[in-house]
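All remarks here apply to the structure that follows.
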Amino acid sequence: MASPVIVTVSWVFAWLVTLIALVSLGRGIAHLVRQFSQGQPDHTRMRPVGKRLWTMLSTIITHREFTHKPVVKVAHWFVMVSFPLLFLTLISGYAHLRDPRWSLPLIGTWAPWQWLVDIFAWAGLLAIIVLMVIRYRTGHRPEPLPADATLRKRTSRFFGSTRWQALFVEWVIVIVCGCVVVLRGLEAALVVADGGDASWWHYPLTGWIGSLVSSAAPSTLATVIVLVSLLKILVSMLWMIVIGVQTSMGVAWHRFLAIINLYARRNADGAKSLGPAAPMLVDGEPLTDLDRLDDLPDDVPLGVGTALDLTWKQRLDLYSCTECGRCQELCPAWNTEKPLSPKLLVLALRDHVESVSRVELTDMDVPEEIDPGEDKTLIEKGVLPSPHTSDVLHALSSSGATGPLGVRDTDGPLVPDVIDEGVLWDCTMCGACVDQCPVDIEHVDDILNLRRHRVLMESAFPRDLARPFRGMEKKGNPYNQSARKRLEWAKNLDFEVPVIGEDIESADDVEYVLWVGCAGAYDDRAKKTTAALAELLHTAGVTFGVLGSAESCTGDPARRAGNEILFQMLASAAIDTLNEAHARKIVVTCAHCFNTIAGEFPQLGGTFEVIHHTQLLNRLVRENRLTPLPPAPGEQHQTITYHDPCFLGRHNRIFEAPRDLLGSLPSVDMVEMPRNRERALCCGAGGARAWMEETRGTRIADNRMDEARESGAHVVATACPYCSQMLGSAHGEDMPEVKDVAVLLLEGVHRHRDAAGDDGTIT
């Protein structure tokens, strides 16, 4: 028997602390429920139930969101699984306070259960140590990695994360798992002392611990079991107390909230919140009919202007953030010295929402690390650091990612009081943050809704956007050019390009409608791509027609800039034009047009079969309808790297078609930049940034072209006119040439044509 005094004291103390912990946790849960219930409705998030449940469970079990971090994936999986499994050992802990020999009914002495406990206790312990090492090494990295030489020095994805919270959670797991391992060994020793079976069959990974203390008296072993059980209980209850008080502690709460977040993700099939932008919500329903605007009360907000405008799902996003920084790690704005960090934006919104919900703010000491100088800006302005942690406060202040008064603790406009105006417009909407987030936080949608409110409710937007807005409204294109110039790209072709409605009656007479796009019609570099595609289609015998002056902007720049009403006007007009032309199959060169026509037009009732030109050209090459030849002897051997356009690759998962097409070009060596496919760096044009001057930090395009140059490539191939435009304007010495995939293919096809005899054979 254990010491009666120790047993009694431990029993009383454990249950007293447990009561406090349950009260604290209950208050925390009640607070979070109030927070989410105060959000605006969103009726798009709960059905279909079966599909969402399956997606949620499969995502959690497979940990597929960790694909690009395999070590973290395995370690986090074991920690996740060990948490509920070892919870039953916590129940055993209370029983052990009264009877150290107690075991769970039915399964307590069952060998398979004991194997599970041993395996996951050790696995959980080792896994959390691995994660702690990764956090330490990543968080203390002083210089960029050699492979990412173009990245700025603040490479740590944990910059701005709340360090004490992460360390607290990690050490709780270490201690609890360690207690379970030790308890298992002590139980084995006590079983042996009582003359029972403590073989490897029942204690496969912990029996050796029991052998180390086998000489101890049974009463001593029992007393130690009581004390270790008490430690396990106290640490577990301390965790519950802390998270109950600190409800913004995403690194702890995410193990519960992330489950709900994954269920309520935008796409029930589990696809990331990329591709088509989410429609603007009014009263929880998508606003896809502009006629509804006339029926809305004047005080109905459009977009998100204050914390009160956030939906319950948007609030859930804020509290689900684990502060892992994977979004920050790949953000093109953050990696080019701009203050925008998707993580810091989420944390600023979370802390603001948490602040305005509490009557009394808990003061916190300001650590010496943020003294002196600029890092104390927010404190000097009278903004209390609480409920912000000092880490978040420091990061927000030093990066300039907040409004003029820091993160306000009273209700007011989110922009600029919480989020700096410039930060809001630094985003390219490339989607890297969303793609990398393991709990499916919808950063891009949040930024888009903030922009919508600024543009639609306050008419506040960068001056640079005035001209493209006016051009789209008056002339149907952001270049502010006449519709009569939409066919100038075709004037040097040696064949006629049929215009639907003029040269041919409808699209029924051709295989494809070539959607030229605004860039393809007006930008000099993009015109070459359009002409190249037309010539390739003509050479392959593919019939196509264009809409000519009847074509107008899809509305993508307007939507991504927050001008949702202008987008819907343009999109509806384009849909009507396509329907009148009987367009069914459409080929496009612009990744943004592709995303809009294929993904966003259906929101307004326009459904078409859309193919990107790289997909179509790749198919034509595979069918031997287009045959490229290598350069002539003596001509330079080309090394090519491919830049993934964000709205083609990350947003629409088209990665291989352009690469397959480039791989079909003879005498071409393909090399990859360090950041490619899902992890590719943006060119800087998305999110309407193509129309805005980049005045802070390094130009994103310069950063990307530096990376291309270091790959050893002579040519950067891409598949979007905006990428060609931005990368082609990069500053620097010895920059690679930028060409569209269609232009490169046409060069090879021209060589084939020039080498062919009168009978078509190669001489």
Tabulated pairs, the range 114-140, first surrounded by fewer than 19 Cβ atoms within 10 Å (Cβ to Cβ), second of a type in the set (Gly, Ala, Ser) and outside any helix (DSSP H, G or I), C-beta under 7 angstrom, 6+ apart or interchain: Thr138/Ser156; Gly139/Ser156
Identity of the residue in the range 84-113, without any contact (Cβ under 8 Å) to a residue 12 or more places away in the chain and of a type in the set (Phe, Trp, Tyr), that ends up nearest to Trp11 (Cα to Cα): Trp102
Selection from the range 28-49 of residues that are touching a Gly at 6+ places or on another chain (Cβ under 6 Å) and either assigned to a helix (DSSP H, G or I) or free of Cβ contacts under 8 Å to residues at least 24 places away in the same chain (or both): Gly28
Among (1) under 20 Å from the mean Cα position of the chain (by Cα); (2) closer than 25 Å to Val169 by Cα; (3) assigned by TED's automatic domain parsing to the domain that holds Ile441, the one test that Gly275 misses: (2)
Which numbered condition Lys313 fails, given (1) farther than 30 Å from Ala573 by Cα; (2) in a loop (DSSP other than H, G, I, E, B): (2)
Which numbered condition Asn579 fails, given (1) surrounded by 24 or more Cβ atoms within 10 Å (Cβ to Cβ); (2) farther than 27 Å from Ala657 by Cα: (1)
Members of the range 451-499 found to be on the phi > 0 side of the Ramachandran plot and surrounded by 12 or more Cβ atoms within 10 Å (Cβ to Cβ), listed by number: Gly476, Asn480
Whichever residue in the range 552-574 is assigned to a helix (DSSP H, G or I) and of a type in the set (Gly, Ala, Ser) and, among such residues, is surrounded by the fewest Cβ atoms within 10 Å (Cβ to Cβ): Ala573
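Within the range 492-511, is there a residue that is closer than 16 Å to Val749 by Cα and in contact with a Ser or Thr (Cβ under 6 Å, 6 or more places away or on another chain)?
So far as the range 492-511 goes, no, none of its residues is closer than 16 Å to Val749 by Cα and in contact with a Ser or Thr (Cβ under 6 Å, 6 or more places away or on another chain).
Can you name every residue in the range 414-429 that is touching a strand residue (DSSP E or B) at 6+ places or on another chain (Cβ under 6 Å) and assigned to a helix (DSSP H, G or I)?
The answer is Pro416, Asp417.
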Sole exception among (1) in a helix (DSSP H, G or I); (2) under 29 Å from Asn449 (Cβ atoms); (3) at pLDDT below 90 for His752, by number: (2)
Subset of the range 102-122 that is aliphatic (A, V, I, L, M) and within 16 Å of Gly185 (Cβ to Cβ) - its residue that is farthest from the chain's Cα centre (by Cα): Val117
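Would you please name the residue that is surrounded by the most Cβ atoms within 10 Å (Cβ to Cβ), looking only at residues in the range 288-308 that are over 25 Å from Gly555 (Cα atoms) and at pLDDT 90 or above?
In this case the residue turns out to be Ala307.
The rows are residues; the columns are (1) surrounded by 13 or more Cβ atoms within 10 Å (Cβ to Cβ); (2) at pLDDT 95 or above; (3) of a type in the set (A, V, I, L, M, F, W, C).
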| position | (1), (2), (3) |
| --- | --- |
| Val9 | yes, no, yes |
| Gly39 | yes, no, no |
| Asp42 | yes, no, no |
| Met46 | no, no, yes |
| Arg64 | no, no, no |
| Val81 | yes, no, yes |
| Leu88 | yes, no, yes |
| Ser103 | yes, no, no |
| Pro112 | no, no, no |
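The values are calculated or read from the model by the stated rules, or taken from the named source; none is laboratory data. Worth saying up front: this structure is predicted, and the values here are computed from it rather than measured. Glycine also receives a Cβ, built like all others from the backbone with ideal geometry; neighbour counts cover every protein chain displayed.
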